[in-house]
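Undergrad: Quick one: the structure is below, questions incoming.
What follows is calculated from the coordinates using simple rules that are stated; it is not laboratory data. Keep in mind that this is a model prediction, so the values were computed, not measured. When we count neighbours, we look across all protein chains shown, and the Cβ atoms used for this are built from the backbone with ideal geometry, even at glycine.
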Amino acid sequence: MMGRIISIVVVALVPIVFAGSPLHAAKGDPEKGREIYMKRCWWCHGEEGAADGPAAEFMLPPPRDFTEGVYKFKSTPFDELIPSDEDFFNMIKGGLMKEHVAGWNGMNNTSMPGWEDMLKDDEIWHLVAYIKSIVEYEQPEQGPISVGNKVASSEDSIEKGRKIFREMCAECHGEEGRGDGTKMLKDDWGYRTWPRNLTKPWTFRMTDTVEDIYTRITVGIPGTQMPSFADPESKKRLNDEERWHVANYVVSIAAPYKKPDENTVIKALRIEEEVPDNPSSPVWEKAEYTSFWLVPQMIAKERHFKPSLDSVSVKVVYNDKEIAFLLEWDDRTKSVPGDAKAEEIAAGEVFRDGVAIQLPVVVPEGSEKPYFAMGDKAKPVSVWFWQSETTTEPQRLKLLEGKGFDKIEERDPSAIGLTARGVYDHGTWRVVMKRPLFTKEKDKDIQFVEGKFIPVAFAAWDGSNGEKGSKHELTTWYWLLLKPPVGASIYIVPIAVAVVVLVGELLLLRRFRKD
């Protein structure tokens, strides 16, 4: 996530699984590699590779410490300490990553970019040689593991993988694979780590192919709680076929709708039935999700450099009286202030989880919108702000009018019929906010009209990540369109016009013949 926000150069080494590599062994010059390193890499990894560069403190996860010689991701077996030369080369280059992770070239969800657009292959090999020289690494004794014994994906394989996953992996990754395990995890360097949300393969550090997932299950992730399931001494050892079943299952649970694309418009669906206030209502199945990236708030103090939430998905339905928004986002922890278990997992003070919808008080006629961060004096915004419960208080809803970060007025949401309800399920929050289309105070509240593009923005808070107030994630402005259903008139009118034109032409033709 931070790689999308902090554009500071950093090198951390994570391999792309590379079966049957056509690349030659590294023949770089370490001295030339150090020259490149001091120009491109030291800002994060430090002058001597000890992960103590000036930018390192702003990064989560932190940059790799090359002086320790431990690399989390590699394609060599679990009992082989040294990654292959291709592992080093592929991650620095980052080109193979682009084939699987659209819009990102490098180490996914980190500050690590890919370098193929700035460095030539021979320069990357020089870097490989230099980085290996820091701990005097030679060639590994064992090459990359084989993926030639692949088990084809099938309903039977996926079902077997699901059963194994629930038994072996759910403790950390959660029953549905969303990373909502029940353990607090730290790596060997003392940093807090979170299990991967497997329903979002575009967030994987490496590629998301079934071969790469199988490799990670087989090799493990050194320095973390992710074990090798091929280790004969492990209590969680799986045979080769079982590891392929788990890999096939992991691929099957991907949720593509959660991945934001280039769509900037939420198309509200008009319905005839009652607008739902329950996130589980079957009415929501009729509408489509539109998803948006969340980025950390870095405009006002207190700024947020280490976010845990990455996207939000939205559905909107309405009828002739009311409108409702369904907001869905993945959050590994249900943050309940006052709950001992929640505080244990968070390893710090716990605040309420939350989500907000921001709308202009007056829908602009042109393209000019209010300032996206709480509006301004000339163009105020209305914010619907929902928060989760504590051990002593229920969920709550706030209605805010913003004219800037320091000019926020709180109003009674019930005065305009605004309601909200949230449900947490296996690592996912779903919150419905509902309101009448029109209110009495038109100078204070937005009036929802069909056919207009209405600016809309979103924000979210992970209370277990220390997020409250201005420390949160947010989006920029996007658009909401209440598009009325296509009626019979769209067909009748053109036909009627065509008939009139045809009759007119026939009359003219008849007149010309008489003349």
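Undergrad: Quick one: helix 121-134 against the long Cα principal axis of the chain, what's the angle to the nearest 10°, folded into 0 to 90?
TA: Relative to the chain, helix 121-134 is tipped by roughly 50 degrees.
Undergrad: Using a Förster radius of 45 Å, what is the FRET efficiency between residue 280 and residue 79 based on their Cβ-Cβ separation? Nearest 0.05, please.
TA: 0.40
Undergrad: Right, next: Calculate for the chain the 222 nm mean residue ellipticity that helices alone would give, adding -39,500 (n - 2.57) per DSSP H run of length 4 or more and normalising by residue count, nearest 500 deg cm²/dmol.
TA: Theoretical 222 nm ellipticity from helices: -6500 deg cm²/dmol.
Undergrad: Between residue 155 and residue 186, what is the label-point separation in nm under the 7 Å Cα-to-beta-carbon projection?
TA: Distance between the two pseudo-spin positions: 4.7 nm.
Undergrad: Ok, one more. How do 472, 45, 426 rank when sorted from fewest to most other Cβ atoms within 10 Å of their own Cβ?
TA: If I rank by nearby Cβ atoms, fewest first, I get 426, 472, 45.
Undergrad: How much of the pair distance distribution for segment 109-220 lies past 21 Å, counting alpha-carbon pairs only, in percent?
TA: Details: 3539 of 6216 pairs.
Counting pairs separated by more than 21 Å, the tail of P(r) holds 57 percent.
Undergrad: Distance check, please: which entries in 163/236; 398/444; 200/334; 286/468; 259/377 exceed 23 angstrom between their Cα atoms?
TA: As for pairs spanning more than 23 Å Cα to Cα, those are 286/468; 259/377.
Undergrad: Would you mind checking the tilt of helix 155-168 against the longest principal axis of the Cα atoms of the chain, expressed as 0 to 90 degrees and rounded to 10?
TA: 70 degrees
Undergrad: Still on this model: Under 1.5 on a/c is rounded, so check that first for segment 302-396, then, if it is not, pick prolate when a/b is larger than b/c and oblate when it is not; a ≥ b ≥ c are the square roots of the alpha carbon gyration tensor eigenvalues.
TA: Prolate.
Undergrad: Another one. Tell me, in nm to one decimal, what length is gained between residue 440 and residue 379 on full extension, where the rule is 0.36 nm per residue of separation less the Cα-Cα distance?
TA: Numbers: separation 61, 0.36 × 61 = 21.96 nm, distance 1.93 nm.
Net length gain for the segment: 20.0 nm.
Undergrad: Give me the log10 of I(q) over I(0) for segment 333-444 at q = 0.14, 0.21 Å⁻¹, as the Debye formula computes it from C-alpha points; what are the numbers?
TA: For segment 333-444 at q = 0.14, 0.21 Å⁻¹, log10 I(q)/I(0) is -0.67, -1.12.
Undergrad: Moving to a separate point now. Starting from the 7 Å offset along Cα-to-Cβ, what nm value, one decimal, do you get for the label separation of residue 265 and residue 239?
TA: Roughly 5.6 nm, to one decimal.
Undergrad: Rounded to the nearest 10 degrees, what's the angle between the helix 210-219 long axis and the longest principal axis of the chain, both from Cα atoms, 0 to 90?
TA: Compared with the principal axis, the helix lies near 40 degrees.
Undergrad: I'd like the FRET efficiency for residue 70 and residue 479, computed as 1/(1 + (r/R0)^6) with the beta carbon distance as r and R0 of 45 Å, rounded to 0.05.
TA: 0.45
Undergrad: Just to check I understand the Karplus step: with θ = phi - 60° and J = 6.51 cos²θ - 1.76 cosθ + 1.60, what whole-Hz values come out for segment 326-332, glycine and proline as x?
TA: For segment 326-332, the Karplus curve yields 10, 10, 10, 8, 8, 9, 5 Hz.
Undergrad: Between the alpha-carbon centers of segment 310-385 and segment 262-288, tell me the distance in whole angstrom.
TA: Result: 17 Å between the Cα centres.
Undergrad: Over the Cα atoms of the chain, compute the convex hull volume and normalise it per residue, giving Å³.
TA: For the chain, the hull spanned by Cα atoms encloses 230 Å³ per residue.
Undergrad: With label points built 7 Å along Cα→Cβ from the Cα atoms of residue 139 and residue 57, find their separation and express it in nm.
TA: 4.4 nm
Undergrad: Could you calculate the FRET efficiency of residue 391 with residue 163 from 1/(1 + (r/R0)^6), where r is the beta carbon distance between them and R0 is 41 Å, rounded to 0.05?
TA: Using R0 = 41 Å, I get an efficiency of 0.70.
Undergrad: Within a 10 angstrom radius of the beta carbon, how do 184, 59, 112, 168 rank from fewest other beta carbons to most? Working shown, then result.
TA: Details: 184 14, 59 22, 112 28, 168 19.
Least crowded to most crowded, the residues run 184, 168, 59, 112.
Undergrad: Sticking with this one: Exposure proxy check: 187, 261 ranked by fewest other beta carbons within 10 Å?
TA: Final ranking by Cβ density, sparse to dense: 261, 187.
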